Amino acid sequence: MANNGRRSVKMKKGPTVGTGGHGRKALEGKGPTPKAEDRPYHKAHKSKQLAERSAAKRGTGTRNPGARSGPKGRATEEVVTGRNSVVEALRAGIPAKALHVAIRIEMDDRVKESLKLAAERGIPLLETGKPELDRMTDDAIHQGLVLQIPPYEYQDAYELAEETLESWKKGHVANAPLFVALDGITDPRNLGAIIRSVSAFSGHGVIVPERRSVGVTASAWKTSAGAAVRVPVARAANLNSTLKAFKNMGIYVLGLDGDGDVSLPDLALATEPVCIVVGSEGKGLSRLVRENCDQIVSIPIDSAMESLNASMAVGISLYEISRQRAAK
């Protein structure tokens, strides 16, 4: 039978009204549209990855990427990366677990000295592939050298003060207990310089809070010029509670501040057990810490200068206390 030149068209059958389409998940949505930078196929995603990678690679030095977390989420390990940083850390005597050296590394004077210093100190030398070095350093520029630093073993602030007081009362320690507590100091170089000053002026320890405070990093070790081996650094779970406990033990708490009610040369408590508290250069002492101080001490300086660096202020204060104790 002729079809008069027409073609039959087969209609596609759609879903029956009310079925919601076929399939159990046909009506399930895919949620809100992801941001462009979160879509792997979008150029914004690649730009974000490149930016993050560049930030990770910017410079060499001390890093603690991917560090295993200890109590309360604190990083317990870090690494020193780059040839200059590694050789300087080894010269400073920073404790190290291992020196990782890239397979078929291109030798220069810094690599040779690093290998020599590590061998002399008995630090294990581990030949490591570049992919593993990249992973350890979170893709930072390591130049084939990575020094692995062990976690610092902090003392308990209360126990350190108690032991020092007891030794002083028994005559085992010549000078009265002398501590420095940090309030809001976050620069490891400041901590290292303070440790160095405490060692130089016969101090007995440095107290750092557990939160919002610097810890003993490789940079702090390096700045201390080895003094961190001799001066214990103790953790305080709560700085204000620790200062109150010190006062109950007979240790005078002296805060350093430009608006002090006592000038450093007129300090009458220098020969007593003392804990000096120093705040950050920008904010100074926090309100509660200031309230817990027995005295606020100021250092006379030229009025043209607004303030002193925290480590410098501690060094000057320790010198004056040491001078008064020697003159007694």
Highest to lowest packing among 134-147, 80-93, scored as the average C-beta count within 10 Å: 80-93, 134-147
Qualifying GluC sites (Glu not before Pro) for segment 267-321 [loop in DSSP, other Cβ within 10 Å: at most 14]: Glu306
Extension gain from Glu127 to Glu291, taking 0.36 nm per residue of separation minus the Cα-Cα distance: 53.6 nm
Accessible area of Ile276 in the full protein assembly, 1.4 Å probe (Å², nearest 10): 0
Heavy-atom SASA rank of Asp183, Asp261 (probe 1.4 Å, accessible area, largest first): Asp261, Asp183
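If you average the sequence gap of Cα pairs under 8 Å that are 6 or more apart and divide by the length of segment 181-303, what percent do you get for the contact order?
That works out to 28 percent.
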Contour excess over end-to-end distance, with Cα ends at Ser241 and Asp108 and 0.36 nm allotted per residue: 42.7 nm
For segment 139-151, Karplus couplings with θ = phi - 60° (6.51, -1.76, 1.60), whole Hz, Gly/Pro x: 6, 6, 6, 10, 6, x, 10, 9, 9, 8, 9, x, x
³J(HN,Hα) computed for each position of segment 166-183 - Karplus, 6.51 cos²θ - 1.76 cosθ + 1.60, integer Hz, glycine/proline x: 5, 5, 5, 5, 7, x, 7, 10, 5, 9, 5, x, 9, 10, 10, 10, 9, 10
Sites Lys283 and Arg189, calculated FRET efficiency, Cβ-Cβ separation with R0 22 Å, nearest 0.05: 0.75
Beta bridges by DSSP in segment 196-328, antiparallel share as percent, to the nearest 5: 5
Charge-dipole axis of segment 110-203 as Lys and Arg at +1 and Asp and Glu at -1 on Cβ define it, positive-most pick from Gly171, Ser202, Tyr152: Ser202
Prolate/oblate/rounded label for segment 233-325 (Cα gyration tensor, a/c 1.5): oblate
Amide H within-cut-off set for Tyr252, under 5 Å, with H built and near neighbours excluded: Val274, Cys275
3J(HN,Hα) from dihedral phi, segment 276-292, Karplus parametrisation 6.51/-1.76/1.60, rounded to Hz, x for glycine, proline: 8, 10, 10, x, 5, 5, x, 9, x, 6, 6, 4, 5, 5, 4, 5, 8
Zone of Val229's modelled label, taken as backbone nitrogen in segment 91-117 under 12 Å from a point 7 Å along Cα→Cβ: 91-96
Only Lys, Arg (+1) and Asp, Glu (-1) charged, at Cβ; segment 159-266 dipole about Cα centre in debye: 400
Additional length obtainable on full extension of the chain from Ser263 to Asp302, 0.36 nm per residue less Cα span: 12.7 nm
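The values are calculated or read from the model by the stated rules, or taken from the named source; none is laboratory data. Predicted, not measured: the structure shown is a model, and the values here were computed from it. No Cβ is skipped: glycine too gets one built from the backbone with ideal geometry, and neighbour counts run over all protein chains shown. The accessibility values were calculated without ligands, DNA or RNA, using every heavy atom of the protein model including side chains. Shrake-Rupley method; radii C 1.70, N 1.55, O 1.52, S 1.80 Å.
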